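Inspection log for the structure reproduced underneath, given as structure tokens.
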Amino acid sequence: MNNFLQQILEKWSSLSTTKKSAAIIMGVAVIISVTMLSRWTNQSNFKPLFTKLEAKDASAVVEQLKELGVEYQLGAQGTSVLVPENKVYELRLQLAGTGIVPSGGTGFELFDQTRLGMTDFERRLNYQRALQEELRRTIVAMEEVEQARVHLVIPEASVFIDNASESSASVVIKLNPMASLGPNQVRGIVMLLTNSVENLKPENVNVIDMEGNVLSDQVGSNDSSSLAQNRVRQQGLQREFEKNLEDRVQRMLERIFGPGKVVTMISADLNFDERQVTRIDYGQDGVVKNEQIIREDTSTNGSTAGGTVGTDSNMNTYPGLDQAGESNSQSSENITRQYEIDQEQETVVYAPGRVERLSTAVTVDGPLTGQQVTQIQDLVTAAIGYYPDRGDQLTVMSMAFDKSFVTEAENAMEQQAVQQLQEQTTERYIYAGLTALGLVLAFILILIGFRRRRSSGQLDATIEDVVPIQDVSTMHIEEDQSREDPKKRLEREKREKKKKDVRRLVDENPENAAQLVKTWLSEK
């Protein structure tokens, strides 16, 4: 190994300045290529252990990884910790066992360790802190929420009913990019807090996003909030109705004139009043509803008796033929009828969202003939359900569109795409070139070393045949140096010097030495 290093140093000293510069440049290129390749390989094998960490949590995780002797990398401006891919799950479990799992706060595990001497105020404060953290964890579990903070105000219990205060809560939410919370989700957060905190009413809960928008205004329980929520819902339905009509007309006309050649705008006036109308129509002819008939029959009988007043006259006698009598009978009929007028009753319920009026505007890029305008009006009329008696309006115009910004945007996008492609291609070529250069240089160095070792072996064998380096009798020279004659020792040192000179000559100019040996052999 020492001989090999000495040969390399001697070879380096024999090179010219140009060759030395080229060798240095090639060596630096090999080092850079190997470094970049190893760095790229190591980065591809690192996976996130924890992401979206606070500074305190990230510091605790890094300190624990240092104690474990695990290689790590920081990303996302220090909020993410990356470790080798094959150790991700093992390290997560290990850190969870040690209690160093970033959670953002302490929940009800705060009461796992109680201490003596805790006052009632401290106990209530710890309960409030734990409840805030538990609610925060539940809210962060939502897919749209990235981070959240919960603030509770829980008044002290009072024995006087008049002095009892209501609880209140505020929630600050940070949403994920391109995410939003719907009214139902905000209402769910409000209900979560009201059912988790004592004496907390929905109107005392405020949900705020990072831009300062009060999301809970649209889901309040009071009358004004309900009206506002209903108004927002109606506006959404109206816009959705208009958008559907615009899309229908736009798709139809773009199939005729081409994409980007038509602009359609529709404004709809919808009536969201819910009405119930009852109508009664009376007929011309009456109808007997009730009829009552009463009939009465009466009859009367009369007789006359004559004679002297006295006993005979008071005696009962039987009527004879000479007596006269009368008989009278009467009958009556009473009819009562109750008539009902013909009527027809109809109840109509008008559902909310009835179309009151439609206003449609269609603009086409480029000139249009009168026939084309008429054809477009007929098509749009049939597509939107045009009804002139309702007050609908339809306007069709032809104008030249300004497309300069579209052209500029397309050019900018093309330039950006080309630049990105060039950067990717250049980076790929650099990696490939450096890798290939490193392989070629390594192969050249191995080949040079092999050839040098081969040439040195052949020359050493030739020199040993021509100029014997060491005799058997000289193996004990070191033992007899103290007893050796000064003249002989001087001669021996000269011979050794000549041998070293010959070796150096062979190492520096192997070709000339080989030619010299060949000449000696031919002369001999």
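The values are calculated or read from the model by the stated rules, or taken from the named source; none is laboratory data. Here the structure is a predicted model, which is why all the values come from computation and not from measurement. Ideal geometry is used to build each Cβ from the backbone, glycine not excepted, and the neighbour counts take in all protein chains shown. Quick note on the areas: whole protein, heavy atoms, side chains included, nothing else; ligands and nucleic acids left out. Shrake-Rupley method; radii C 1.70, N 1.55, O 1.52, S 1.80 Å.
Values as computed for the structure displayed
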item: Pick from region 142-160, criterion of a type in the set (A, V, I, L, M) and more than 18 Å from residue 54 (Cβ to Cβ), ranking: farthest from the chain's Cα centre (by Cα); result: 159
item: Filter pass, residue 264 being within 30 Å of residue 373 (Cα to Cα), modelled with pLDDT of 70 or more, within 60 Å of the chain's Cα centre (by Cα) and assigned to a strand (DSSP E or B); result: yes
item: Residue within region 410-421 that is under 30 Å from residue 376 (Cβ atoms), at pLDDT 80 or above and not β-branched (Val, Ile, Thr) present; result: yes
item: Lone qualifier among 338, 330 - being in contact with a strand residue (DSSP E or B) (Cβ under 6 Å, 6 or more places away or on another chain), closer than 30 Å to residue 279 by Cα, assigned to a strand (DSSP E or B) and of a type outside the set (Val, Ile, Thr); result: 338
item: Enumeration of residues in region 366-378 that are part of a helix (DSSP H, G or I) and open to solvent by less than 40 Å² (accessible area, probe 1.4 Å); result: 373, 376
item: Hey, residue 116 assigned to a loop (DSSP other than H, G, I, E, B) and modelled with pLDDT under 85 or not; result: yes
item: Condition check for residue 13: in a helix (DSSP H, G or I), closer than 30 Å to residue 145 by Cα and open to solvent by 60 Å² or more (accessible area, probe 1.4 Å); result: no
item: Qualifying residue in region 415-426 (condition: more than 39 Å from the chain's Cα centre (by Cα) and open to solvent by 90 Å² or more (accessible area, probe 1.4 Å)); result: no
item: Identity of the residue in region 191-212, farther than 11 Å from residue 152 by Cα and of a type in the set (A, V, I, L, M, F, W, C), that ends up least open to solvent (accessible area, probe 1.4 Å); result: 207
item: Unique match (being modelled with pLDDT under 50, in contact with a helix residue (DSSP H, G or I) (Cβ under 8 Å, 6 or more places away or on another chain) and not polar (S, T, N, Q)) among 506, 502, 472, 466; result: 466
item: Among (1) farther than 20 Å from residue 260 by Cβ; (2) open to solvent by 90 Å² or more (accessible area, probe 1.4 Å) - the single one residue 381 does not satisfy; result: (2)
item: Condition check for residue 188: open to solvent by less than 50 Å² (accessible area, probe 1.4 Å) and either modelled with pLDDT under 85 or part of a helix (DSSP H, G or I) (or both); result: yes
item: Hey, residue 402 closer than 24 Å to residue 255 by Cα, modelled with pLDDT of 80 or more, assigned to a loop (DSSP other than H, G, I, E, B) and out of contact with any Lys or Arg (no Cβ under 9 Å at 6 or more places or on another chain) or not; result: yes
item: Looking only at region 119-163, and only at residues there that are of a type in the set (A, V, I, L, M, F, W, C) and surrounded by fewer than 15 Cβ atoms within 10 Å (Cβ to Cβ), the one that is modelled with the lowest pLDDT; result: 161
item: Failed item, numbered, when residue 47 is tested on (1) among the basic types (Lys, Arg); (2) within 25 Å of residue 446 (Cα to Cα); (3) in contact (Cβ under 8 Å) with a residue 12 or more places away in the chain; result: (2)
item: Residue 360 surrounded by 10 or more Cβ atoms within 10 Å (Cβ to Cβ), in contact with a helix residue (DSSP H, G or I) (Cβ under 8 Å, 6 or more places away or on another chain), in a helix (DSSP H, G or I) and among the polar types (S, T, N, Q); result: no
item: Those residues of region 49-72 which are of a type outside the set (Gly, Ala, Ser) and open to solvent by less than 60 Å² (accessible area, probe 1.4 Å), in sequence order; result: 49, 50, 53, 57, 61, 62, 64, 65, 70
item: Filter result (at pLDDT below 85 and at positive phi) within region 59-85; result: 76, 77, 78
